[in-house]
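Here's the structure we're looking at; comments come further down.
The values are calculated or read from the model by the stated rules, or taken from the named source; none is laboratory data. Just so you know, these numbers come straight off a predicted model, no measurement behind them. All Cβ positions, glycine included, derive from the backbone under ideal geometry; neighbour counts span all protein chains shown.
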């Protein structure tokens, strides 16, 4: 009886202790939260003080709206290279661009070390024909230094009336002397998907992922399968080289065109309840024909989602060089009449649960291009891991630098010809065709 009473008492005391401890924890959390909030308000008060001092004492009368816009943009760009503020005009331009038609030079860009970095020139645009290359750093625009400008300000300077010229000063690879390139502005009409029959092989080139991309791939497969008898069709080459990405839903739809089931990609935000998974629907438009996907150091974002999905499911063989390594998702958040913000809200993961952030997609078969003599040892595209302020990879391992060169003449394209030879059985590699049983569970 005494023993029993002792146990009950101990239990009561332990219970009381637990309650007290919980109450203390709640008090400490509440105090910490209040302290953090108080510190935040002090910082906002500091911002207000600086803002007022600029308004009253700066040598010239500043524009209040421009000051606020610059402050917002500075806050966003300090997070990572892909978050930014878009003015109302920039937001409208972005909406037009995703629809597939806009005015400008025809290059996808980001910022690196204060310069404008070319992620890739878009096929058949003024910049492409002028010789701008993936990895180029634009240091001057019409003789004016780029350093000190935000990305949006630099982009605005590159835009202008159609049929007017702009002079770009470019730093390329390890070349000692800068390159001067004149580009004539034009209306950029993006045909995101092009295709052609190569005897018994269907070649599909995807230059970016805009609202037209899935329909383009669907039309390409339908037309090519109609031109080439099914018994003769050796397979498809999907060329994603120097494709900077674009819309997430289009990357999912293009992946689905070649998959019959299974996960395509998942996105994970800061909180667990923000995670999403996207799965393929029944029906492989390519009817199981072999697929080779070409990637290189200029293949980023949505391109890497497609390559990662087909690689993990062993539906396609990835050939070329390691991709750019942009494994983050940006959400466009409209701000009414005040434009919008582009905010990094999640990382994406391939079906096997792998994040490619700052690492890229490693090809199943690595094939380097033969560089022209004047470019040997001087041309290597710097990837996501080279961008200042980039999100770190989850496991701490990062890869920098990858070849992104594609010869202007298809006859010199070593990667493309290797893909042709694999599909036709002229060359043999243990990674082609991939073993579907070795992929992730469907």
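Before moving on, here are some points about what is shown:
- Among the residues of the range 256-280, those identified as free of Cβ contacts under 8 Å to residues at least 60 places away in the same chain and part of a helix (DSSP H, G or I) are 256, 257, 258, 272, 273.
- In the range 161-183, the residues that are exposed (fewer than 14 other Cβ atoms within 10 Å of the Cβ) and under 17 Å from residue 121 (Cβ atoms): 165, 167, 180, 182
- Residue match in the range 139-154 (condition: assigned to a strand (DSSP E or B) and without any contact (Cβ under 8 Å) to a residue 12 or more places away in the chain): yes
- Scan of the range 127-149 for residues that are at pLDDT below 90 and under 18 Å from residue 382 (Cα atoms), ordered by number: 134, 135
- Only listed residue being touching a strand residue (DSSP E or B) at 6+ places or on another chain (Cβ under 9 Å), touching a residue at least 24 places away in the same chain (Cβ under 8 Å) and not in a helix (DSSP H, G or I), chosen from 174, 182: 182
- Positions within the range 422-442 being surrounded by 13 or more Cβ atoms within 10 Å (Cβ to Cβ) and in a helix (DSSP H, G or I), in sequence order: 422, 423
- Matching residues, the range 210-242, being in contact with a strand residue (DSSP E or B) (Cβ under 7 Å, 6 or more places away or on another chain), on the phi < 0 side of the Ramachandran plot and modelled with pLDDT under 95: 210
- In the range 150-193, residue nearest to the chain's Cα centre (by Cα) [restricted to those that are closer than 30 Å to residue 225 by Cβ and modelled with pLDDT under 95]: 192
- Given (1) out of contact with any strand residue (DSSP E or B) (no Cβ under 6 Å at 6 or more places or on another chain); (2) within 30 Å of residue 406 (Cα to Cα); (3) not assigned by TED's automatic domain parsing to the domain that holds residue 158, number of the condition residue 95 does not satisfy: (3)
- Restricting the range 247-257 to residues that are in contact with a strand residue (DSSP E or B) (Cβ under 6 Å, 6 or more places away or on another chain) and over 17 Å from residue 361 (Cα atoms), the residue that is surrounded by the most Cβ atoms within 10 Å (Cβ to Cβ): 250
- Residue within the range 405-413 that is modelled with pLDDT of 95 or more, touching a helix residue (DSSP H, G or I) at 6+ places or on another chain (Cβ under 9 Å), surrounded by 15 or more Cβ atoms within 10 Å (Cβ to Cβ) and not assigned by TED's automatic domain parsing to the domain that holds residue 123 present: no
- Counting residues in the range 329-337 that are assigned to a strand (DSSP E or B), free of Cβ contacts under 8 Å to residues at least 24 places away in the same chain, in the same structural domain as residue 422 (by TED's automatic domain parsing) and farther than 21 Å from residue 175 by Cβ gives one or more.
- Restricting 283, 226, 298 to those that are more than 20 Å from residue 433 (Cβ to Cβ), outside any loop (DSSP other than H, G, I, E, B) and outside the structural domain of residue 126 (by TED's automatic domain parsing) reduces the list to 226.
- The range 104-117, subset assigned to a strand (DSSP E or B) and in contact with a helix residue (DSSP H, G or I) (Cβ under 8 Å, 6 or more places away or on another chain), residue surrounded by the most Cβ atoms within 10 Å (Cβ to Cβ): 107
- Test for residue 266: is it under 21 Å from residue 211 (Cα atoms) and at pLDDT 95 or above: yes
- A residue that is in contact with a helix residue (DSSP H, G or I) (Cβ under 6 Å, 6 or more places away or on another chain) and farther than 30 Å from residue 259 by Cα can be found somewhere in the range 147-163.
- Only one entry of 47, 27 meets the criterion of being out of contact with any helix residue (DSSP H, G or I) (no Cβ under 9 Å at 6 or more places or on another chain) and modelled with pLDDT under 95, and that entry is 27.
- So residue 77, is it modelled with pLDDT under 95, in contact with a helix residue (DSSP H, G or I) (Cβ under 8 Å, 6 or more places away or on another chain) and outside the structural domain of residue 334 (by TED's automatic domain parsing): yes
- Just one of the listed residues (373, 392) is within 16 Å of the chain's Cα centre (by Cα) and surrounded by fewer than 17 Cβ atoms within 10 Å (Cβ to Cβ), namely 392.
- Matching residues in the range 407-421 - criterion: being touching a residue at least 12 places away in the same chain (Cβ under 8 Å), farther than 23 Å from residue 232 by Cβ and in a helix (DSSP H, G or I): 412, 414, 415
This table checks each residue for (1) surrounded by 12 or more Cβ atoms within 10 Å (Cβ to Cβ); (2) modelled with pLDDT of 90 or more; (3) in a helix (DSSP H, G or I).
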residue	(1), (2), (3)
59	no, yes, no
73	yes, yes, yes
92	yes, no, yes
123	yes, no, no
